[in-house]
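Below: one structure, written as structure tokens.
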């Protein structure tokens, strides 16, 4: 009988906080099953063993913020049969995409004592702006259940079952009373589900951690925010957080001036 080779998994980090990689390590009991189903060939966050490619599945966390990383992501793509981006940084540029709305050199000069030694790009961009991506998993951080579904799907050769609905659906399933009906501005109607509606469950408006849902009507939501007393500045700021670089959120923030 021939030897059956397990699929080879690689996990890569670019500009990020490591939170999405930790979501994989947080799988606890499920992690043993994952380790048994795949060969974890490259995962610096979890192991010093770093086997060379090619890899059957690559999970990529983080955005592209340096010229070096802009080159490195192409090397990762060439070594990966399937490439999945995980988290807001990899799918939308992350919180660091706030640099896209200003002069990054002003930030560098304000933060570093010797800014002349800092080499960085003027923008923070999603992985998909540089290479072909097979699937994007949203969240800041991602949901570990969704991560396991995506990994299982690609290793089994099927399409991941990740809904495109908004946080509002999760609120209904959880039995939450709509916070906007109670007068609290909320991004839930335009935000991708995945968090389980944590913030609305504690009577707080959604902050948009999972990025824009499919076909979000951000203009209609912004109009409702204004009726609740929000200012254009409030709208600009709320759409420029974890997913500031996501196209629907970026456009809506731009619509409310400076």
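The table below gives the values:
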| read-out | value |
| --- | --- |
| Test: residue in the range 221-228 that is exposed (fewer than 13 other Cβ atoms within 10 Å of the Cβ) and assigned to a loop (DSSP other than H, G, I, E, B) | no |
| Number of positions in the range 190-218 that are on the phi < 0 side of the Ramachandran plot and either assigned to a loop (DSSP other than H, G, I, E, B) or touching a helix residue (DSSP H, G or I) at 6+ places or on another chain (Cβ under 7 Å) (or both) | 19 |
| Pairs with Cβ under 6 Å, 6+ apart, first in the range 28-52 and in the same structural domain as residue 146 (by TED's automatic domain parsing), second crowded, with 16+ Cβ neighbours inside 10 Å and assigned to a helix (DSSP H, G or I) | 30/148; 45/21 |
| All positions within the range 135-161 that are surrounded by fewer than 21 Cβ atoms within 10 Å (Cβ to Cβ), within 15 Å of the chain's Cα centre (by Cα) and in a loop (DSSP other than H, G, I, E, B) | 143 |
| Candidates 187, 235 - the one that is surrounded by 21 or more Cβ atoms within 10 Å (Cβ to Cβ), touching a helix residue (DSSP H, G or I) at 6+ places or on another chain (Cβ under 9 Å) and either without any contact (Cβ under 8 Å) to a residue 24 or more places away in the chain or on the phi > 0 side of the Ramachandran plot (or both) | 235 |
| Residue within the range 50-57 that is modelled with pLDDT of 90 or more, on the phi > 0 side of the Ramachandran plot and in contact with a strand residue (DSSP E or B) (Cβ under 6 Å, 6 or more places away or on another chain) present | no |
| Among the residues listed as 113, 122, the single one being under 25 Å from residue 208 (Cα atoms), assigned to a loop (DSSP other than H, G, I, E, B) and outside the structural domain of residue 195 (by TED's automatic domain parsing) | 122 |
| Within the range 80-122, tally of residues that are out of contact with any strand residue (DSSP E or B) (no Cβ under 7 Å at 6 or more places or on another chain), surrounded by fewer than 22 Cβ atoms within 10 Å (Cβ to Cβ) and touching a residue at least 60 places away in the same chain (Cβ under 8 Å) | 4 |
| Residue within the range 215-222 that is assigned by TED's automatic domain parsing to the domain that holds residue 183 and over 17 Å from residue 166 (Cα atoms) present | no |
| Candidates 63, 58, 48 - the one that is farther than 21 Å from residue 7 by Cα and either buried (at least 24 other Cβ atoms within 10 Å of the Cβ) or more than 17 Å from the chain's Cα centre (by Cα) (or both) | 63 |
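The values are calculated or read from the model by the stated rules, or taken from the named source; none is laboratory data. These figures come from a predicted structure and were not determined experimentally. Cβ: placed from backbone, ideal geometry, glycine included. Neighbour counts: every protein chain shown.
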